[in-house]
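What follows draws every value from the coordinates through simple rules; no lab data is involved. On a predicted model such as this, the values are computed, not experimentally measured, just so you know. Counting neighbours? That spans all protein chains shown, and the Cβs are built from the backbone with ideal geometry, glycine included.
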């Protein structure tokens, strides 16, 4: 598959990740197609993590579920006086 901008060969890795792409990696950086992606680390196991790739809109709507709301440690939660 060739790039529609520079007519060079599109990288095979890029075609695997983005099946209907028409530009190579170099042209995509220059053209900045407006496809903003963000990532979020998911820790399914203690020895490794995965990256979840999201669009900017989805990331903004889901961010409230990833940020902590309370105290930063469990010790602070249990050290509060419940009698006062």
Rounded to 0.05, the calculated FRET efficiency for the beta carbons of residue 31 and residue 65 at R₀ = 30 Å is 0.35
Residue span residue 22 to residue 38: 0.36 nm per residue of separation minus Cα-Cα distance leaves a gain in nm of 3.6 nm
Descending packing, highest mean Cβ count within 10 Å first, for 46-55, 18-27, 4-13 is 18-27, 4-13, 46-55
